[in-house]
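So the structure is just underneath, and the comments pick up after that.
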Amino acid sequence: MEEKILLAQISDKIEFVKQKDKIQYTDFLDMYQISLVKNFLKKLDFENYVLYGGFEDSERKILIIYPEKYNLEMVQKNYSKLINVIRIFLSDDEKGKYSHRNYLGGIVKLGMKREKVGDILVFDDGADILVKSETAETLKQELGTLTRFENAKLEVIDINDLRKQEIKVEEVKIIVPSLRLDNFVSDLARTSRSKAVQIIDSERVFINGQNETKASKQIKLGDVITVRGKGRFVVKEFSGSTRSGRTVVIVEKYV
């Protein structure tokens, strides 16, 4: 039902853009919604759109629909009007203590809808939280009322001043009976094959940003596998086989 509502809203925005010649945009979409929307727009043969989340590898993005008279450069000039950053600087006593969960938990506690908030980039000294510009000031004020941030400094900054997060990865070795997706999910999520199939069926698995519900999907070198709630993994190397014919795979996990 939620999927139909989302696609109906996008259809309405497309019609508005065509009639009014003005840019329209959505709330932040998660990876599943992005995959759904891209397939929907492909079926419509509609190309006047861009997905933007504040930086190249963002997981959550807004869909921007623009008139035919616009080009991409014209749309990009609007980015800073659509997304702002709430920067949190922690006090010296709190530096290094807060994780993504602490920041997201604070936002949820305030009753802010998740779709109004994009990625949360965590640093030792605080975080950069991407939000829709229209809610930035309000959320900044409300976050400042939380006990966990009472000693922190909060400010709203331009999206162009977003800090780049250092990507940390750890190497993981898994051994799979075949290169089927369900085998990878089973090892990466540390669960049984049957549970892995359930995770795939529940549309929680993405390959290179596209939702994948086929358990038998063959994994290739370089594929980026995201299991919602478990993490993101890059298939780096097929490093040989065991005596029983299983494949040894080197995977990098984002931490």
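Each reported figure results from applying straightforward, stated rules to the coordinates on display, with no laboratory input. Here the structure is a predicted model, which is why all the values come from computation and not from measurement. Positions of Cβ are generated from backbone atoms using ideal geometry, with glycine treated the same way; all protein chains shown enter the neighbour counts.
A few comments on the model shown:
- The order of M31, M1, M74, going from fewest to most other C-beta atoms within 10 Å of their C-beta, is M1, M74, M31.
- In a reduced charge model with +1 at each Lys and Arg Cβ and -1 at each Asp and Glu Cβ, the chain shows a dipole moment near 900 debye about its Cα centre.
- Packing-based exposure ordering (other Cβ within 10 Å, fewest first) of F28, F40: F40, F28
- Applying both filters, DSSP loop and at most 14 other Cβ atoms within 10 Å, to the trypsin sites (Lys or Arg not before Pro) of the stretch 63-142 gives K69, K77, K95, K97, K113.
- With 24 Å as the limit, the listed pairs K38/K164; K18/K81; K38/K132; K38/K61; K13/K109; K18/K77 have K38/K164; K13/K109 beyond it between alpha carbons.
- Taking every lysine pair in the stretch 169-254 that is 8 or more places apart or spans two chains, those with Cα atoms closer than 21 Å amount to 19.
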